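Participant: Below is a structure I'd like to ask you about.
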Amino acid sequence: MSKYSETDCYQNIELPLNGGRVIPVTIKRLDLLHPDIQGNKYYKLKYNLEEARLSGHDTLLTFGGAYSNHIHATAVAAREAGMKAIGVIRGEPAFPLNPTLSTVQALGMHLHYISRGDYRQKKTGKILDALKAKFGRFYLLPEGGTNHLAIKGCEEILNHEDKQALFVAVPIGTGGTFCGLVSSAEPGQTIMGFSSLKGEFIRNEVQELLQVYSIRPRCQWEIYTRYHFGGYAKFTPELLGFVKSFRLTTGIPLDPIYTGKMMYGMLDLAEKGRFVEDSRILVLHTGGLQGIPGFNERFGTNL
Ligand SMILES: *Cc1c(COP(=O)(O)O)cnc(C)c1O
């Protein structure tokens, strides 16, 4: 996988505070790292691809929903690495294919649909054995791509300069990226994770990931669970309005699933006085923009 840009890309914006004050925020545009493998998925795949190759695999297999950024990134990465890719998609096929699935199919990914019931059991031997019987030997990437090697890749997101920031904000899906950041951040830094899913369960999942992968954070970390806007891939007119106005005022596109919710949360926290004026704040734009055409088509929105 080649990076699009060897130098990291940053953009400075100002978050408004009460009383007309503003707080400077630096956005690290991981979405511009690579032309197609957006954002954190680049880091999550990096060492997995290396491992797949070293262990003599020529096929990647992974799981995801029909609009998944991870499915998309896996298809691009496999194509670049000259490997085959199989995407096991939750639910029934729908035609014409949505923009995400038609893109990955054009990239050569083989799409294999399984029922929602089977999808829930995808980690069991029964489902995996059936996939092995059908497709032969493959390198398995879990749904969302989170495993030991993904976390190792995400430990590289923060460079030396990024480690001077007092606050680092990131969206949370599975929590893999968050754990990589927490693992690598310096004492004195606070990693702020914004869950895009509804519920408190993510706190336990993150604790479990930290435990399973023996991560002993040196930094502080916080998880916010109240900016989910109804749940994963759910939204409100307020969120859509925010994503649109953010793009108009800063020129930066956000996705409605992850980065839009995080940025809304950051603005809300800034308004509530979470930061002082010289807080050095770094916000990670983790990508997800590939999903916007599909989102618009599915919900009739115009992001
Ligand atoms: C996958 C994804 C995330 C979540 O990453 P996790 O490691 O699963 O927490 C965040 N933002 C974007 C844009 C993503 O595609």
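The values are calculated or read from the model by the stated rules, or taken from the named source; none is laboratory data. What you are looking at is a predicted structure, and each value in this text was computed from that prediction instead of being measured. Neighbour counts run over all protein chains shown; Cβ positions are idealised from the backbone, glycine included. Calculation scope for accessible area: heavy atoms of the full protein, side chains included, ligands and nucleic acids excluded. Shrake-Rupley method; radii C 1.70, N 1.55, O 1.52, S 1.80 Å.
Participant: Would you pull out the residues with amide H under 5 Å of W221's amide H, same chain only if 5 or more places away, H placed 1.01 Å from N?
Facilitator: Here the answer is I191, since their amide H atoms fall under 5 Å of that of W221.
Participant: Sticking with this structure for a sec: Could you work out how far apart the two model spin labels at F201 and R226 are, taking each label as a point 7 Å from the Cα in the direction of the beta carbon, and quote it in nm?
Facilitator: Calculated label separation equals 2.2 nm.
Participant: Could you check how much of the accessible area of segment 40-145 is carbon and sulfur, as a whole percent, using a 1.4 Å probe? Mind dumping the intermediate values first?
Facilitator: On the way: 2510 of 4890 Å².
Exposed carbon and sulfur together represent 51 percent of the surface.
Participant: Just add up the charged neighbours of Y224: K/R +1, D/E -1, any other residue whose Cβ is under 13 Å from the Cβ of Y224.
Facilitator: Values: positive: K198, R203, R226, K261, K272, R274; negative: E200, E222, D268.
It works out to a net charge of +3.
Participant: Can I ask one more? Using Cα pairs under 8 angstrom and six or more residues apart, how large is the relative contact order of the chain, in percent? Numbers along the way, then the final one.
Facilitator: Details: 584 pairs, mean separation 65.7, N = 303.
Here the relative contact order equals 22 percent.
Participant: Once ligands and nucleic acids are excluded and a 1.4 Å probe is used, how much of M109 is accessible, expressed in Å² to the nearest 10?
Facilitator: 10 Å²
Participant: Which value, in Å² rounded to 10, gives the accessible area of R137 with a 1.4 Å probe and all protein chains present?
Facilitator: So the heavy atoms of R137 present about 150 Å² to solvent.
Participant: Shifting gears a bit: Please sort by residue number the GluC sites (Glu not before Pro) in segment 245-298 whose DSSP state is loop and whose Cβ has at most 16 other Cβ atoms within 10 Å.
Facilitator: Of the GluC sites (Glu not before Pro), the ones in loops of segment 245-298 whose Cβ has at most 16 other Cβ atoms within 10 Å are E277.
Participant: For segment 1-144, take the convex hull of the Cα atoms, compute a quarter of its surface area, and give me that in nm², please.
Facilitator: On the way: hull surface 45.9 nm².
Across all orientations, segment 1-144 yields a mean hull projection of 11.5 nm².
Participant: Another one. Starting at the first residue of segment 285-297, write each ³J(HN,Hα) from the Karplus equation 6.51 cos²θ - 1.76 cosθ + 1.60 with θ = phi - 60°, in whole Hz, x for Gly and Pro.
Facilitator: Calculated HN-Hα couplings, in order: 7, 8, x, x, 6, 4, x, 5, x, x, 5, 4, 5 Hz.
Participant: Along each of the three principal axes of the Cα atoms of segment 149-248, give the extent in whole Å, ordering the values from largest to smallest.
Facilitator: For segment 149-248, the Cα spread along each principal axis is 40, 30, 23 Å.
Participant: Two decimals is fine: what is log10 I(q)/I(0) at q = 0.08, 0.14, 0.15 Å⁻¹ for the chain, from a Debye sum with one equal scatterer on every Cα and no solvent?
Facilitator: The calculated log intensity ratios at q = 0.08, 0.14, 0.15 Å⁻¹ are -0.34, -1.08, -1.24.
Participant: In deg cm²/dmol, rounded to 500, what helix-only [θ] at 222 nm does the chain give when every DSSP H run of at least 4 residues adds -39500 (n - 2.57) and the total is split over its residues? Please report the intermediate quantities before stating the final value.
Facilitator: On the way: 11 runs with 115 residues, N = 303.
Calculated at 222 nm, the ellipticity per residue is -11500 deg cm²/dmol.
Participant: Only Cα pairs under 8 Å and at least 6 apart count here; give the relative contact order of segment 156-232 as a rounded whole percent.
Facilitator: 35 percent
Participant: Another question about this same structure. Counting other C-beta atoms within 10 Å, and keeping those with at most 11, which DSSP coil trypsin sites (Lys or Arg not before Pro) do you find in segment 178-257?
Facilitator: Listed in order of number, the matching sites are R226.
Participant: So how tilted is helix 69-81 from the main axis of the chain? Cα-based, degrees 0 to 90, rounded to 10.
Facilitator: Its long axis makes an angle of about 60 degrees.
Participant: What accessible area per residue comes out for the chain, rounded to a whole number of Å², with a 1.4 Å probe?
Facilitator: 45 Å²
Participant: Nearest 5 is fine: what % of DSSP beta bridges in the chain come out antiparallel, could you say?
Facilitator: 20 percent
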